[in-house]
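Read the structure below first, then the notes.
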Amino acid sequence: MARTDQLLNAYRKQVSMPLRPGLALNQRVWFAVYPPEEERRLALRLPEFEMATTEAGLEWVLIDLQRTLADWIDTFDDDTKNTCLETPEILEDYARPEYIKFLSFRINQAVANVPEDRRVKTVFALRGLMELFDFIHVSDLVADIDARLTGILVVFFPGEREDNTYRFLGARTGWDYLAVPISAES
């Protein structure tokens, strides 16, 4: 069985478990961990993750971070934009905390678009994290947004996990996070 099929099966099991009100925030954040080389396959299979979610009686909101870096850069004035494009390493300095704020705002907008009484039964699916590589850490983004979420946040995480340590794209030093892990090995 393909790894994406295994991840989808593990997700189906997780999403079909009954919701328990009052769970701590880190128990409402799920990390769907997959090898980075599976990114395209996963993107094509997202409708199946959505279907598994709705079959479990929950709502699905996809929040795609692809192309957000370009959208963020487009908010710069012309002088800043030209400076950053001429000297790309400067962009990393701008990214913390401004790119995180930009992404958090986008995510919070998606959350706010769901009526408050339905948010608790909504899975907010975050994908396109490869866009963040070299600019911000996934852990910083999750820390900035997770307190505002009342539903479930599933983070499609290209990387690896060992115990509670996650490594983004297998390249960065890992960080400990107590999210619910979902993987092809689950």
So A43, is it under 19 Å from L126 (Cβ atoms), in contact with a Ser or Thr (Cβ under 9 Å, 6 or more places away or on another chain) and touching a residue at least 24 places away in the same chain (Cβ under 8 Å): no
Odd one out for Y11, checked against (1) within 21 Å of V114 (Cα to Cα); (2) touching a helix residue (DSSP H, G or I) at 6+ places or on another chain (Cβ under 7 Å); (3) at pLDDT 90 or above: (1)
(1) farther than 16 Å from A184 by Cα; (2) surrounded by 14 or more Cβ atoms within 10 Å (Cβ to Cβ) all hold for R12 apart from (1)
Looking at L141, L153, L149, can you tell me which residue is of a type in the set (A, V, I, L, M, F, W, C), within 15 Å of T68 (Cβ to Cβ) and in contact (Cβ under 8 Å) with a residue 40 or more places away in the chain? L141
Restricting the range 15-71 to residues that are exposed (fewer than 15 other Cβ atoms within 10 Å of the Cβ) and of a type in the set (S, T, Y), the one nearest to V111 (Cα to Cα) turns out to be T54
With the first residue restricted to the range 13-28 and required to be touching a residue at least 24 places away in the same chain (Cβ under 8 Å) and over 16 Å from F124 (Cα atoms), and the second required to be of a type in the set (S, T, N, Q) and surrounded by 13 or more Cβ atoms within 10 Å (Cβ to Cβ), Cβ contacts under 8 Å at 6 or more apart or on different chains are K13/S186
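Out of the range 1-60, which residues are acidic (D, E) and under 22 Å from T165 (Cα atoms)? Don't jump to the end; show me each part of the working.
So in the range 1-60, the residues acidic (D, E) come out as 5, 37-39, 48, 50, 55, 59.
Listed by number, the residues that qualify are E37, E38, E39.
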Would a scan of the range 113-124 turn up a residue that is in contact with a helix residue (DSSP H, G or I) (Cβ under 9 Å, 6 or more places away or on another chain) and acidic (D, E)? no
Residue by residue through the range 72-96, note down the ones that are out of contact with any helix residue (DSSP H, G or I) (no Cβ under 8 Å at 6 or more places or on another chain) and either buried (at least 17 other Cβ atoms within 10 Å of the Cβ) or within 16 Å of I136 (Cα to Cα) (or both). P88, E89, E92, D93, A95
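The values are calculated or read from the model by the stated rules, or taken from the named source; none is laboratory data. Here the structure is a predicted model, which is why all the values come from computation and not from measurement. We place every Cβ from the backbone using ideal geometry, glycine too, and count neighbours over all the protein chains shown.
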